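Enquirer: One structure follows; several queries about it will come next.
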Amino acid sequence: MTISSVLLLFLAQAIEPVVAEVPALDVPAADVQRVPLYTTVPAYPKLARRDRIEGEVEVCFHVDRRGRPSKIAVRRSTHRLFEKPSIRAIRASRYEPLDKDAPMSGIKTCRTFTFALERAEDET
């Protein structure tokens with residue numbers, strides 16, 4: 001046995017796994033399971049289609065009590081051309097509203113839109 005393997009064996013025995021108890025969040029089930037009434041698909045930008053640009057956009061947002069998206073922000077984007085259509089699609093989407101007495105949790109929702117052009121059959 002080499003010195004480094006003895007040292008590794010000693011360290012492996014000395015380190016004990018740490019288990020921390022994390023209290024469960026008291027999040028109302030109705031707010032976690034916000035059901036979309038309808039979602040909108042973003043339009044493919046003409047310039048991106050013309051230049052054959054593909055990409056993805058991840059948009060994060062909150063859903064207010066009436067079921068409308070708010071605080072919409074782009075989290076990640078492969079090309080700026082896809083950001084505005086993605087934000088418009090989120091803004092046009094609606095979710096099931098909460099009851100007046102139901103508490104809100106403030107959980108952020110994220111959605112990823114993939115912009116991909118259809119491949120021609122002769123392209124392989």
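Enquirer: Here is a list of conditions, (1) touching a residue at least 24 places away in the same chain (Cβ under 8 Å); (2) surrounded by fewer than 13 Cβ atoms within 10 Å (Cβ to Cβ); (3) closer than 21 Å to residue 34 by Cβ, and residue 47 meets all of them except one; can you say which number that is?
Expert: (3)
Enquirer: For residue 59, which of the numbered conditions (1) part of a strand (DSSP E or B); (2) without any contact (Cβ under 8 Å) to a residue 12 or more places away in the chain fails to hold?
Expert: (2)
Enquirer: Now for a separate question. With respect to the numbered conditions (1) more than 21 Å from residue 109 (Cβ to Cβ); (2) at pLDDT below 50; (3) part of a helix (DSSP H, G or I), which one is the sole condition not fulfilled by residue 31?
Expert: With (1) more than 21 Å from residue 109 (Cβ to Cβ); (2) at pLDDT below 50; (3) part of a helix (DSSP H, G or I) applied to residue 31, the lone miss is (1).
The values are calculated or read from the model by the stated rules, or taken from the named source; none is laboratory data. The structure presented is a predicted model; accordingly, all values stated were derived computationally and were not measured. Every residue, glycine as well, gets a Cβ built from its backbone with ideal geometry; the counts of neighbours run over all protein chains shown.
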